[in-house]
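Values in this text are rule-based calculations from the coordinates and carry no lab data. Nothing here was measured: the structure is a model prediction, and the numbers come from that model. Cβ placement follows ideal geometry from the backbone for every residue including glycine, while neighbour counts extend to all protein chains displayed.
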């Protein structure tokens, strides 16, 4: 027997059920009931009294946290919800899974902005019914409570001079709001959203204008200015742009993006270039906040308006990185942006830096350095220390990919300028330095400076699975990863799972297949300037050497070893001394138990695994059974 919302059960039914249920002992009857915390009906207390503490099992169900909500929506919608949107859905639903799912589906259907959460009609009608019994005196105070970020009694008195605490009595009795000292809040976020949505638009705008006059926080005040505006306004647009800068400074790119969108919307028609610039800046902040989809939508809507020139070049440079499904198209768009930038040195510095990064994924390693050189030259002419810092860091990365020793002088100069880099960019010199150390196998030095190593561990699932002995599962994972990299058009990323697949072929007795997989990748990479030697790429030489030895093609194997030795001598790596002896013959791991074969990256981290195996690995990870 299932009873939902026990606190609403009518008392006669509760008495009958209590009488019957309390007399059951051995009968195969199970009762499951839900109730609001601190809202006991007539049935639960009677059951608790008769069965005692050992007879009833109670579980307090907390709201879903962000991670659990993410998993729920992925399972139900069949796709990933962008993080900024997920946060808004979580806040609007209060962590209620049913509400969150309904809101996410409505958001999909309506195409609304992430901060403009639509409430599904069926849900809204139910909530309106709950709000309908509240006294009219509570209407305006509740609207103000729903509109202000941190409502207090003092703020209500400032906003509504005639406000009296007794105006809220009916709302408290209806369990719509709760008051704790100075703080006031709705008992559920959807009550606030629905009450706000049902108010006439003119009344909402009037309230927002009042709030803009009385609030002191610059960002909050700017939002209310935007929501209270009835037409484009130069001063309001400027205030929004300034508030976006405050949001950027505190590391909140998603908030800055929405402020800049409003600034662009409220920019008067006679200053069209200002509107274009603010729109491009909004897209940039959306992308920095992880919402590449919204960034792409904003830019693609703007592109038909833009004439050729530096501003359009800037828009193309922002649009290109959002095309994560097309590396070749992204590179072509950046080249087009560079052509349109002309003599605009800031635009050229930004675009050359992006091209340097893109060339690594396009396996154009020598070109990385050329773009890096030009990025530094353009940044120095602009005299922007933050821009120069990013360009210097990208040049050091390019040198690493080309097999050069770590450019410590370049990085030292970049690190001195690190504080000038905007907090919303991921390409800080300190992060780039940590990545270089990581690629060079200097893990202990890299770890304190890099907050993003997990990104480099994602592709290692297949390698870890192979190391644990589940070779068929490793093969499947590697093939899937190769297929994805080919669809994107990213030869660098494709090479990583290909190395795993070659290792599996070698360990399953197919050295010829392993060599056929590795040789084209190594020859192509080296031919385009690639020179990095570390645990991420070592299999290009090690696995191929072993495959050639298995085929008794010793002269070829020796040439591969000599090439590895020569590269190791020029590349700064704490393990380089070991390479000079040549790789040792490895034994494939034994097929593990079923439990071990299902090891995940999380268990790998617990047992200390820090990335893809080096040449001495291959006997498993030592993860607990």
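Exposure proxy check: 436, 269, 179 ranked by fewest other beta carbons within 10 Å?
On the way: 436 26, 269 7, 179 14.
Sorted ascending by nearby Cβ count, the order is 269, 179, 436.
May I ask you to order 203-209, 29-35 by the average number of other C-beta atoms within 10 Å around their residues, highest value first? Intermediate values should be presented prior to the final figure.
Working: 203-209: 15.9, 29-35: 12.3.
The most tightly packed comes first, giving 203-209, 29-35.
Cα atoms only: what Rg and Dmax, in Å, come out for segment 2-51?
Radius of gyration, then largest Cα-Cα span, for segment 2-51: 10.5, 31 Å.
Taking neighbour counts of Cβ atoms within 10 Å as a proxy for exposure, in what order, fewest first, do 57, 308 appear? Walk me through the numbers on the way to the answer.
Numbers: 57 5, 308 11.
Arranged by neighbour count, lowest to highest, 57, 308 become 57, 308.
Quick check: the distance between the Cα centres of segment 240-282 and segment 1-71, to the nearest angstrom?
52
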